[in-house]
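The structure appears below as structure tokens.
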Amino acid sequence: MRQVAADFAAELQDVSITASDGMVLRAWVIQPHHANGNAALLLHGLADNRLGMTGYAQLLLRHGFVVLLPDARAHGESGGDLATYGLLERNDIHQWFDLLSAQSHPHCIFGFGESMGASQLLQSLDSGTHFCAVIAESPFSNFREIAYDRMGQPFHLGPWVGRTILRPIVEVAFLRARWKYNLDLQAISPEDSAAVAKVPVFLIHGQVDSNIPIRHSRQIQSHNPGTPLWEVPNADHCGAISAAKQEFEQRVLRWFSDHSSRAY
């Protein structure tokens, strides 16, 4: 990543925060020398790390954005025993937002997340993060729905398997998380957060997403019908930047530009 920063005549800095539960979380801030006055927080997916957001960082650095790339808790170099899919991460994101605001003093801070990162980003909107606008690519609608999907996917079947035959496994998993880790998985609901969000949200989802089916973004949109959803033809999970690179760049930059006057 230091080479990427050098390619854009930008300065890379290692930063960290201490989360509310004492976990130390780590990130990079990349500051271009010819910044446009705005910044973006980039959030990766499950079993990935901040390096997975390199392509998005390059896109935004090319246009003068300061970018912050954190390792989510229990990922990369960040601490934590468990990913909580937004229960704790929503507050982590709030802290990253505050760090970026204090350090770079941008006019606007935007958010972009993919998959788990997109779902966490949406949930952060009800924790007081004042993004000018956010983009969520391939988010899940709520944890119960994605659990139903996970039950059917090994058999190449739909979520009906999790809702019916294998539903007891889902219920036991929810109860175990509550008992062992004090985590209420039922409360993980990006769709509920998006429904009441005051921050403009742009949804992106591949039409052939085999990991998180497109119905999840459609369900999120149904809770807030004013939310735009770009359904990307021939794109699999988080694949919009590959399937439609030029259009992806144009839509992302236009969304941020259209909301750049909405300073926090």
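A few points about this structure:
- Where the stretch 74-198 is the region considered: accessible area per residue in Å², 1.4 Å probe: 42 Å²
- Solvent-accessible area, 1.4 Å probe, carbon plus sulfur percent, for the chain: 52 percent
- Leading residue at positive end of dipole, the stretch 142-185 (Cβ point charges), from 177, 154, 143: 177
- Difference of contour (0.36 nm per residue) and Cα-Cα distance, residue 24 to residue 11: 2.4 nm
- Estimated 222 nm signal from helices in the chain, with DSSP H stretches of n ≥ 4 weighted -39500 (n - 2.57), rounded to 500: -11000 deg cm²/dmol
- Mean sequence separation of contacting Cα pairs (under 8 Å, at least six apart), scaled by the length of the stretch 1-72, corresponds to a relative contact order of 34 percent.
- Cα gyration tensor shape for the chain, rounded if a/c is under 1.5, else prolate or oblate: prolate
- For the stretch 235-250, putting each phi into the Karplus relation 6.51 cos²θ - 1.76 cosθ + 1.60 with θ = phi - 60° gives couplings of 9, 8, 4, 6, x, 4, 5, 8, 6, 8, 4, 5, 5, 4, 4, 4 Hz, in residue order, rounded to whole numbers and with x for Gly and Pro.
- Under the criterion of Cα pairs below 8 Å and six or more residues apart, the relative contact order for the chain equals 15 percent.
- Size of charge dipole - the chain - debye, nearest 20, with Cβ of Lys, Arg +1 and Asp, Glu -1, no other charges: 340 debye
- Considering every alpha-carbon pair of the stretch 152-235, the percent of pairs per 10 Å bin, from zero through the bin containing the longest distance, is 15, 33, 36, 15, 0.
- DSSP-defined beta bridges in the chain - what % are antiparallel, rounded to 5: 35 percent
- Comparing 119, 105, 47 along the charge dipole axis of the stretch 37-153, the residue lying farthest to the positive side is 105, per the Cβ-charge model.
The values are calculated or read from the model by the stated rules, or taken from the named source; none is laboratory data. Fair warning: this is a prediction, and the values are worked out from it, not measured in the lab. We place every Cβ from the backbone using ideal geometry, glycine too, and count neighbours over all the protein chains shown. The accessibility values were calculated without ligands, DNA or RNA, using every heavy atom of the protein model including side chains. Shrake-Rupley method; radii C 1.70, N 1.55, O 1.52, S 1.80 Å.
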